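Chemist: Here's a structure for you.
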Amino acid sequence: YGLGIDTFQHHLQIAHSGGINGFTSYLVRFPIDDVVIAALSNDENTGIGAIANALAAMVFDIPVTLPYKPKEISVNDSLFDFYTGAYQRNNADKADTITEKEGKLYWHFWWGGEFEMKAESKTKFFMEDIPDMQFEFEVDNEGKLIKAYVIEAGLKNEMKKL
């Protein structure tokens, strides 16, 4: 009946999103925890589900990064080879990819969207077009990728590199 039943950080959730003519919404209920979160936006491009998840994380005492305005820095594009590849976010069925072309990194959503990733450090990137989404990479002393994370609306989740 249009409800999504899943888990969020090991908490059972029942959720539904909606949107029409420039508005978007997300309602999520955590029945076992007796918690309900409603998120509303006047911008249909808002990642409203990610915002609702960040609010839920705060309720469940899960760390959330506070919003900030990232500043682009110049980095050596030889670093990009370590980050390119396919990544699976959360429990997604399909993978997104990171590619490099003409000295720039791009995030390709599995559904077809492509966005330039800009460096704020050698291991952290952001997208101007999606301000509530960043990427962070853990590398060893030789620069080899150890872990990758996507940060959506302040909530940090590990991505699996395929």
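Chemist: Which log10 I(q)/I(0) values, to two decimals, does region 114-156 give at q = 0.17, 0.18, 0.21, 0.30 Å⁻¹ under the Debye formula with one point per Cα?
Modeler: -0.46, -0.51, -0.67, -1.07
Chemist: If you roll a 1.4 Å probe over the heavy atoms of the protein chains, what accessible area per residue do you get for the chain, in Å²?
Modeler: Here the residues of the chain average 62 Å² of exposed surface.
Chemist: Considering all projection directions equally, how large on average is the shadow of the alpha-carbon convex hull of the chain, in square nanometres?
Modeler: Approximately 10.7 nm², given one-decimal rounding.
Chemist: Using label points projected 7 Å from each Cα along Cα→Cβ, tell me how many nm separate Ile146 and Glu158, to one decimal.
Modeler: Between Ile146 and Glu158, the label points sit 1.2 nm apart.
Chemist: Could you tell me the center-to-center distance, by alpha carbons, between region 99-159 and region 4-62 in angstrom?
Modeler: Here the answer is 23 Å between Cα centres.
Chemist: Report, in debye and to the nearest 20, how large the dipole of region 121-162 comes out about its Cα centre when Lys and Arg carry +1 and Asp and Glu carry -1 on their Cβ.
Modeler: Roughly 200 debye for region 121-162.
Chemist: To continue, here is another question. Along the Cα→Cβ direction, 7 angstrom out, place labels at Ile20 and Asp93. What is the inter-label distance in nm?
Modeler: The modelled label-to-label distance comes out at 2.8 nm.
Chemist: Charges only on Cβ, +1 for Lys and Arg, -1 for Asp and Glu: so what's the dipole of the chain about the Cα centre, in debye to the nearest 20? Can you show the working numbers first?
Modeler: On the way: 15 positive and 25 negative charges, 31 e Å.
About 160 debye.
Chemist: Tell me, what is the 1.4 Å probe accessible area of Glu136, in Å² to the nearest 10?
Modeler: About 50 Å², ignoring ligands and nucleic acids.
Chemist: I've got another one for you. Could you point to the residue in Gly113, Ile5, Phe23 farthest towards the positive end of the chain's charge dipole, with +1 and -1 charges on the Cβ of Lys/Arg and Asp/Glu respectively?
Modeler: Ile5
Chemist: For region 47-146, which trypsin sites (Lys or Arg not before Pro) pass both filters: DSSP loop (anything but H, G, I, E, B) and at most 15 other C-beta atoms within 10 Å?
Modeler: Values: sites: Lys71, Arg89, Lys94, Lys101, Lys104, Lys118, Lys122, Lys124, Lys144; in loops: Lys71, Lys94, Lys122, Lys144.
The qualifying sites are Lys71, Lys94, Lys122, Lys144.
The values are calculated or read from the model by the stated rules, or taken from the named source; none is laboratory data. This one's a predicted model, so the numbers in the text were calculated from it and none came from an experiment. Quick reminder, even Gly has a Cβ in these numbers, built from the backbone with ideal geometry, and neighbours come from all protein chains shown. These accessible areas exclude ligands, DNA and RNA; they are computed on the full protein's heavy atoms, side chains included. Shrake-Rupley method; radii C 1.70, N 1.55, O 1.52, S 1.80 Å.
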